[in-house]
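The values are calculated or read from the model by the stated rules, or taken from the named source; none is laboratory data. No experiment lies behind these values; they were computed from the predicted model shown. Virtual Cβ from ideal backbone geometry, glycine too; neighbours counted across all protein chains shown. Just so you know, the surface numbers come from the protein's heavy atoms only, side chains and all, with ligands and any DNA or RNA stripped out. Shrake-Rupley method; radii C 1.70, N 1.55, O 1.52, S 1.80 Å.
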Amino acid sequence: TGSALIGVGIGRHGSVQLFGDYTYFSSPGSCISGCSGRSYSVGLGVTYHLAQGIALDPWGSFGMAWRYTSIFAPLEANVTQGSSNIPSGTLFQQHFQGWDIARIAFGGDFYPVPFFALGPFVEADVGTNLARNFLFQDVQVTGTNGRLAFLDQHGLAPYAFFQIGVRLTF
């Protein structure tokens, strides 16, 4: 997981920030081959710093973001799409797109020198997916050239990401 943000101060204690992050999910132990995932988000938020001019800077932030997630996994059951039957075990890619409705983080930065800080943080990103697309690779179906894609819409699908980490501030 990696993330970056840039902020512009609004008063002594607040800032408006533009942020983005990238997360890579490795293959779980139950997957035989080819499983992985990744997620990107870009958004806007505000941060409130509780202290001013001391070495310890506790802060809290709130924001919203657009999120795109892609997961490679094998089918657990047969799927029928039109006249095509795709057997279980076929590797497919799922694309999820939606909004982080609430991106809430708390942390504290310690400044050993005025231009560099290090500190722990905890973050929760709660949102909903608006669209889910499926792309099947290497499917032997007439007229698809080895690819079959369709949109699966089952309404809104909530999700949550939780992070605990260390933040570097310059």
**Request:** Using amide H atoms built 1.01 Å from N in the peptide plane, name the residues 5+ places from R167, or on other chains, whose amide H lies under 5 Å from its own.
**Result:** G119, F121
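Considering only protein heavy atoms and a probe of 1.4 Å, how much of the accessible area of region 12-117 is carbon and sulfur, as a whole percent?
Working: 3880 of 5860 Å².
Of all accessible area on region 12-117, carbon and sulfur atoms account for 66 percent.
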**Probe 1.4 Å - accessible area at T69, Å² to nearest ten** = 10 Å²
**Fill in**
For A51, other-chain or 5+-apart residues with amide H closer than 5 Å (H placed, Pro excluded) are none
**Fill in**
The long-range amide H neighbours of T90, using H built 1.01 Å from N in the peptide plane and a cut-off of under 5 Å, are L75
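Applying a 10 Å radius around every beta-carbon, put 161-169, 36-44 in order of their mean neighbour count, most first. Provide the component values of the computation, followed by the final result.
Working: 161-169: 12.6, 36-44: 16.4.
Result, highest mean Cβ count within 10 Å first: 36-44, 161-169.
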**Message:** For region 50-125, which chymotrypsin sites (Phe, Trp or Tyr not before Pro) pass both filters: DSSP loop (anything but H, G, I, E, B) and at most 12 other C-beta atoms within 10 Å?
**Reply:** F115
